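Only one structure is covered here, and it is reproduced in the block below.
The numbers here are math on the coordinates, done by the rules we state, and not lab data. Note that this is a predicted model, so its numbers are computed, not measured. Here Cβ is always computed from backbone atoms with ideal geometry, including for glycine, and neighbour counts include all displayed protein chains.
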Amino acid sequence: MKVYNTLSRKKEEFTPLEEGKVSMYVCGPTVYNLIHIGNARPMIVFDTVRRYMEHKGYEVNYVSNFTDVDDKIIRKANEEGTDPSVISERYIAECKKDMEALHVKPATTHPKATCEIDGMIEMIQTLIDRGHAYVAEDGTVYFKTRSFSEYGKLSHKNLDDLRSGERSLLVSGEEQKQDPLDFVLWKPKKEGEPFWKSPWCEGRPGWHIECSVMSKKYLGDEIDIHAGGEDLIFPHHENEIAQSEAANGKPFAKYWMHNGFLNIDNKKMSKSLGNFFTVRDIGEKYDLQVLRFFMLSAHYRSPLNFSAELMEAAKNGLERIATCVSNLNYLSERAQTQELSAREETQLKEAKGFAEKFDEAMDDDFNTADAISAVFELVKFANTCAGEGASAAFVRALKDEILMLTDICGLTVEQKEEMLDEKIELLIQERQEARKAKNFARADEIRELLAGKGIILEDTREGVKWKRE
Ligand code: AMP
Ligand code: ZN
């Protein structure tokens, strides 16, 4: 499996630090509003990376934070006359609802910055003790950027280039910096802001330190993958590397993965341009699976353009797969024979080739665009080969292959149709007859078929009873 590493700017063979295990940290959203469709891209993309790794047999420890202390959260709380935690808890809950609708699996851990302040104070103290940070007169703690000689290795900037642009790095209120390149680890409280006690002043952390601390706490000093949108490469991830490596004395993340940006009709999404969409906005028009499918139809590192036409195309594509699965279900229920014919056996071998193609695409830096093409080829193949007269085993194997691949993409393409009571009764009757004729294979098959539809059978003295799950 090859992964493009922003650090080396190359595709590298993926070898985890510990065999069979993957530790992965994905920078999560700042929770002051409903998430927008740009925020949904890293969620969907890295959830798919995770699902594929799990499919390959890795045990994935996936951590994604919520930034719940930030200027924008505080501003909104002041506008509403409430506490910042009310705002952040509200939008964490909303974000989780959106994630569920997008089929993004919950992370193994979803830490919140405000619950990790002690760890942040500890890491900042270590950085001070090791000469990588200093306390200014007003109690602000700054990271001494020049003390970390490898600064710039992720964004491929060197300190001299940064120095020439350093005037723009001077922020008002930060005149006490020893060097314009230094960045804030801890800052003093301001009127109306939440604050915590620290050895330096009552205040709150800078943004970057939270990810270094949460990653260390939940995944260890060294991790396999650190990910986020490409806007985070500089300064956020560059600063995370400086903090973590200076504090821990070890390399931080082995692979750095970044998704490209999502634009709207070829323009940057912004509220002022009026082309800003929340996930909820899109959910009013489409099943959010369509948004997921749309996102996966491009390579994660490419810029992606959102438009109504492309969403329609995604909707049609997804429907094509769902229709094929529904046809296969219909054929399976009507099949006259269970056993594979010799011809079907050969065709199933051919069908496996599409799953191999899918894996090859995913092994090549998670090329979901090509992987989805392989699913379409399989659908076309299934539509051609499976018709009236096909055996149940054949159509089921084709369906299972489609479902396995779409499941890796986090897509559900099988509608659970409710079975009518009469149909259930008929199947139960057929099962009784099969048992009488000692055809236990068929009897078991019917039980399984019903179980798949959420129908539970109970053999009682008065006969067979059934109930829905
Ligand atoms: P934020 O809440 O702004 O920190 O963003 C959370 C995540 O969404 C980060 O990984 C960002 O890089 C990512 N992100 C924000 N906007 C976009 C966009 N338009 N396209 C792709 N990713 C984005
Ligand atoms: Zn982060």
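So the values come out like this:
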{"quantity": "Inter-label distance for residue 320 and residue 85, nm, one decimal - labels placed 7 Å from Cα along Cα-to-Cβ", "calculated": "5.2 nm"}
{"quantity": "CD proxy at 222 nm, helix term only [per DSSP H run n ≥ 4: -39500 (n - 2.57); per residue of the chain; nearest 500]", "calculated": "-15000 deg cm²/dmol"}
{"quantity": "Cβ charges +1 (Lys, Arg) and -1 (Asp, Glu), total dipole of the stretch 69-192, debye", "calculated": "320 debye"}
{"quantity": "Added length on full extension, which subtracts the Cα-Cα distance from 0.36 nm per residue, residue 469 to residue 268", "calculated": "67.7 nm"}
{"quantity": "Where labels lie 7 Å past Cα in the beta-carbon direction, separation of residue 356 and residue 248 in nm", "calculated": "3.9 nm"}
{"quantity": "The stretch 342-367 and the stretch 74-139: distance between their alpha carbon centers, rounded to Å", "calculated": "43 Å"}
{"quantity": "Leading residue at positive end of dipole, the stretch 68-187 (Cβ point charges), from 117, 142, 158", "calculated": "158"}
{"quantity": "Using a Förster distance of 45 Å, the FRET efficiency for residue 150-residue 380 (Cβ separation, nearest 0.05)", "calculated": "0.35"}
{"quantity": "Rounded Å value of the spacing that divides the Cα centres of the stretch 394-449 and the stretch 1-53", "calculated": "36 Å"}
{"quantity": "Cβ-placed point charges (K, R +1; D, E -1), dipole of the stretch 171-222 about Cα centre in debye, nearest 20", "calculated": "240 debye"}
{"quantity": "Filter on 112/267; 105/157; 105/315; 157/254 - keep pairs with C-alpha separation over 29 Å", "calculated": "112/267; 105/157"}
{"quantity": "Residue-by-residue Karplus 3J(HN,Hα) for the stretch 176-182, coefficients 6.51, -1.76, 1.60, Hz, glycine and proline x", "calculated": "7, 4, 6, 8, x, 7, 5"}
{"quantity": "Residue-wise HN-Hα coupling along the stretch 183-198, computed from phi with Karplus coefficients 6.51, -1.76, 1.60 (Hz; x: Gly, Pro)", "calculated": "10, 7, 9, 8, 10, x, 5, 10, 3, x, 10, x, 8, 10, 6, 8"}
{"quantity": "Highest to lowest packing among 297-303, 45-51, scored as the average C-beta count within 10 Å", "calculated": "45-51, 297-303"}
{"quantity": "Relative contact order %, the chain, counting alpha carbon pairs below 8 Å whose residues are six or more apart", "calculated": "16 percent"}
{"quantity": "Karplus-derived HN-Hα couplings along the stretch 314-328 (A = 6.51, B = -1.76, C = 1.60, θ = phi - 60°), whole Hz, x at Gly and Pro", "calculated": "5, 4, 5, x, 5, 5, 4, 5, 4, 5, 4, 4, 5, 4, 5"}
{"quantity": "Cα centre as origin, Lys/Arg/Asp/Glu Cβ charges: the chain dipole, Debye", "calculated": "220 debye"}
{"quantity": "Global form of the stretch 282-431, assessed from the alpha-carbon gyration tensor, a/c cut-off 1.5", "calculated": "oblate"}
{"quantity": "Ordering of 204-215, 315-326 by burial proxy (mean other Cβ atoms within 10 Å per residue, highest first)", "calculated": "204-215, 315-326"}
{"quantity": "Between helix 440-452 and the chain: long-axis angle, C-alpha atoms, 0 to 90°, nearest 10", "calculated": "40 degrees"}
{"quantity": "Net charge of neighbours whose Cβ lies under 15 Å from the Cβ of residue 315, counting Lys and Arg as +1 and Asp and Glu as -1", "calculated": "-2"}
{"quantity": "Local net charge near residue 21, Cβ-Cβ under 14 Å (Lys/Arg +1, Asp/Glu -1)", "calculated": "-3"}
{"quantity": "By average C-beta atoms within 10 angstrom, highest first, the peptides 180-189, 455-464, 109-118", "calculated": "180-189, 109-118, 455-464"}
{"quantity": "FRET efficiency, 1/(1 + (r/R0)^6) with R0 30 Å, evaluated for residue 336 and residue 461 via beta carbons", "calculated": "0.30"}
